[in-house]
Amino acid sequence: MAMQTLQHIPVWVFVLLAGLIALGLFSWAAACLLTSWALGQAAAPEGARYDANSHRFTVPGSWLPLALFMAIFACKFAVGMVNARAPGTLHSLNAAIGISALYGLFSGVLNGRALRFLKLKVAP
């Protein structure tokens, strides 16, 4: 039954899907790399330490990671709600690029934070 359904889907639908995935990956990667690089340039947060003997980082507490996780949750929730309420809205080029870039931004913030901590490990 599923194979019969797939056989009746025009080829251009799969080409469009591949194109949207490629654009989504490109916009995600671009936002992720740019944000990672920009945030990774700063020094490690004050109070952060690396112990070479135990190979452990000590990171001071902060509300920023929680705020970031809540923002990621809110974004994913909003995308899910839009998909449920108005699915056609997300089937556009702008939506694919924008949402992917936003997720890339979130990934970049996490990567940039990690890069800042890694500076402690290589510091003299």
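The values are calculated or read from the model by the stated rules, or taken from the named source; none is laboratory data. Note that the coordinates shown come from a computational prediction; the quantities given were computed from them, not determined experimentally. Cβ coordinates were reconstructed from backbone atoms using ideal geometry, including for glycine residues, and neighbour counts include every protein chain displayed.
Of all the residues in the range 1-53, those that are part of a loop (DSSP other than H, G, I, E, B) and among the small types (Gly, Ala, Ser) number 6.
Only residues that are hydrophobic (A, V, I, L, M, F, W, C) and surrounded by fewer than 12 Cβ atoms within 10 Å (Cβ to Cβ): list them for the range 47-64, please.
At the first step, the residues of the range 47-64 found to be hydrophobic (A, V, I, L, M, F, W, C) are 48, 52, 57, 59, 63-64.
Correct list: 52, 63, 64.
Here residue 114 fulfils each of the conditions (1) of a type outside the set (Asp, Glu); (2) part of a helix (DSSP H, G or I); (3) at pLDDT below 90 apart from (3).
Checking 108, 80, 98 one by one, the residue that is under 25 Å from residue 24 (Cα atoms), at pLDDT 90 or above, in contact with a helix residue (DSSP H, G or I) (Cβ under 6 Å, 6 or more places away or on another chain) and not acidic (Asp, Glu) is 108 and no other. Checking 31, 71, 44 one by one, the residue that is in contact with a strand residue (DSSP E or B) (Cβ under 9 Å, 6 or more places away or on another chain), of a type outside the set (Ser, Thr, Tyr), under 22 Å from residue 117 (Cβ atoms) and surrounded by 13 or more Cβ atoms within 10 Å (Cβ to Cβ) is 44 and no other. Only a single criterion out of (1) more than 30 Å from residue 55 (Cβ to Cβ); (2) hydroxyl-bearing (Ser, Thr, Tyr); (3) surrounded by 17 or more Cβ atoms within 10 Å (Cβ to Cβ) is not satisfied by residue 89, namely (3).
To keep it simple, each residue is scored yes or no on (1) of a type outside the set (Val, Ile, Thr); (2) within 17 Å of residue 110 (Cβ to Cβ); (3) touching a Gly at 6+ places or on another chain (Cβ under 8 Å).
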{"position": "24", "(1), (2), (3)": "yes, no, no"}
{"position": "27", "(1), (2), (3)": "yes, no, yes"}
{"position": "33", "(1), (2), (3)": "yes, yes, yes"}
{"position": "44", "(1), (2), (3)": "yes, yes, no"}
{"position": "51", "(1), (2), (3)": "yes, no, no"}
{"position": "57", "(1), (2), (3)": "yes, yes, no"}
{"position": "85", "(1), (2), (3)": "yes, no, no"}
{"position": "89", "(1), (2), (3)": "no, no, no"}
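If only one of 85, 113 is touching a residue at least 60 places away in the same chain (Cβ under 8 Å) and among the basic types (Lys, Arg), which one is it? Working first, answer last.
Details: 85 fails: touching a residue at least 60 places away in the same chain (Cβ under 8 Å).
Result of the check over 85, 113: 113.
Please go through the range 54-75 and give me each residue that is aromatic (Phe, Trp, Tyr) and outside any helix (DSSP H, G or I), ordered by number. Matches in the range 54-75: 57, 63.
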